[in-house]
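Peer 1: Following this message is one structure expressed as structure tokens.
The values are calculated or read from the model by the stated rules, or taken from the named source; none is laboratory data. Keep in mind the model is a prediction, meaning the values are calculated, not measured. Counting neighbours? That spans all protein chains shown, and the Cβs are built from the backbone with ideal geometry, glycine included.
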Amino acid sequence: MIFQRAIRRELLNTVGAVFTTLFTIVITVMLIRILGDAAGGRVATGDVVALLGFAALIYLPVILSLTAFISVLLVVARSYQDSEMIVWFASGLSLMRWIRPIMSIGMPIVLLTASLSLWLTPWASRLSAEYKETFRNREDISRISPGKFQESASGDRIFFVEGLSSDTSKVENVFVSQSQGKNSSVVVAQEGSVILDQRGDKLLELRNGHRYDGTPGSPDFQTMDFGRYVIVVSSSQRELTDNKSARVLSTRSLIESPNPSNMAELLWRVSLPVMCLLQMLLAIPLGFVNPRRGRTLNLMIALVLAVSYLNSVGIVQAAVGQGRLSFTSAWWPLHLSALLVISVLFFWRNNTNSRWHPMALLILGRQLFALKRTTT
């Protein structure tokens, strides 16, 4: 029908505009955060683009869900605002007829959200964690920027070099501060180089420098001059730590290891596509707008309900993660409640002229009460 094609065309245009806006906001915030981590030496500068791509995949399911809800809400509200819905209802058409054209655009979004939530998002989370872990386990010297103090991966040393060769094998004017319990030592050298020993350990060999040992706050310090001084930078035995966070596990791994943390993550992944579908249905009756009063208040109420739905899923997820609820008894009641609310709202907006509508029953009750008062 003509109206279905018009709805699809308008909905596609709205989805494109809303998604572009939300995606730009999220990516901008994530870019600022990742650049701050790179400037602080917590991630490699060369990994910024990759980490930004992983962050986009991680947040994309939520962005798609909000995009679908807001787009349907705006399209339906515009129809009310322009009095098109008055003609629609006057022609004897039901609000339920909006579901089919909206779902023709919405179901691909739901399927994409499910694919991202169940497969791509865990993959992106795992790779992002591996990138960060790899950088944390890199050799201390390779992480140093000339003219900048840099903490070691172990957290017990602070490096400063004035000059660094292109292959990071030689350094000039080196300052190293190392803490061992209550004692600390400071090593200053004119030059140094990175070497490998027979076991494959990477060493920093300093030449022509001084070492100062003592306890901070105490006058007892020892001074030593040296011609050659060696510091162990990294060990060949260092390996990447195995990240067992539930967020980085595949959906299959979550099912195979049904502990509370994994079940909470599985509940969130399953809930995202379900929320995307139900929020689109919820937006149809919530899009009601009185043309004489404007649509700001109604849209604000609709957004509050959508955010409350999302937060409620987060609360249930936390309860499952803490072991207070089981997955089988926690994932469906909230969505069933949302479906019941959608059914009530559809009945409310779809049967405005029905004798069984709540407003009609209220008016009838007032008339009966007024009639009783006049007769008495």
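Peer 1: Quick one: would you say R349 is assigned to a loop (DSSP other than H, G, I, E, B) and out of contact with any strand residue (DSSP E or B) (no Cβ under 7 Å at 6 or more places or on another chain)? Step through it out loud before you land on a result.
Peer 2: On the way: assigned to a loop (DSSP other than H, G, I, E, B): no; out of contact with any strand residue (DSSP E or B) (no Cβ under 7 Å at 6 or more places or on another chain): yes.
For R349, the condition - assigned to a loop (DSSP other than H, G, I, E, B) and out of contact with any strand residue (DSSP E or B) (no Cβ under 7 Å at 6 or more places or on another chain) - is not met.
Peer 1: Hey, another quick one. Has the range 307-320 got at least one residue that is surrounded by fewer than 18 Cβ atoms within 10 Å (Cβ to Cβ), under 28 Å from W123 (Cα atoms) and of a type in the set (S, T, N, Q)?
Peer 2: Yes; the residues of the range 307-320 include at least one that is surrounded by fewer than 18 Cβ atoms within 10 Å (Cβ to Cβ), under 28 Å from W123 (Cα atoms) and of a type in the set (S, T, N, Q).
Residue-by-condition table, conditions (1) at pLDDT 85 or above; (2) under 17 Å from F346 (Cβ atoms); (3) outside the structural domain of L286 (by TED's automatic domain parsing):
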{"residue": "L73", "(1), (2), (3)": "yes, yes, no"}
{"residue": "V76", "(1), (2), (3)": "yes, yes, no"}
{"residue": "S79", "(1), (2), (3)": "yes, yes, no"}
{"residue": "M85", "(1), (2), (3)": "no, yes, no"}
{"residue": "R97", "(1), (2), (3)": "yes, yes, no"}
{"residue": "R100", "(1), (2), (3)": "yes, yes, no"}
{"residue": "M107", "(1), (2), (3)": "yes, no, no"}
{"residue": "V110", "(1), (2), (3)": "yes, no, no"}
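Peer 1: Considering (1) closer than 17 Å to S65 by Cβ; (2) surrounded by fewer than 21 Cβ atoms within 10 Å (Cβ to Cβ), say which one M280 fails and leave the rest.
Peer 2: (2)
Peer 1: Taking the range 31-66 as the search range and keeping residues that are among the β-branched types (V, I, T) and assigned to a helix (DSSP H, G or I), which one is nearest to S250 (Cα to Cα)?
Peer 2: Looking at residues that are among the β-branched types (V, I, T) and assigned to a helix (DSSP H, G or I), I get I58.
Residue by residue, here is whether (1) over 30 Å from A246 (Cβ atoms); (2) at pLDDT below 90; (3) not assigned by TED's automatic domain parsing to the domain that holds L64 holds:
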residue	(1), (2), (3)
R292	yes, yes, no
L297	yes, yes, no
A302	yes, yes, no
L305	no, yes, no
Y309	no, no, no
Q322	no, no, no
L325	no, no, no
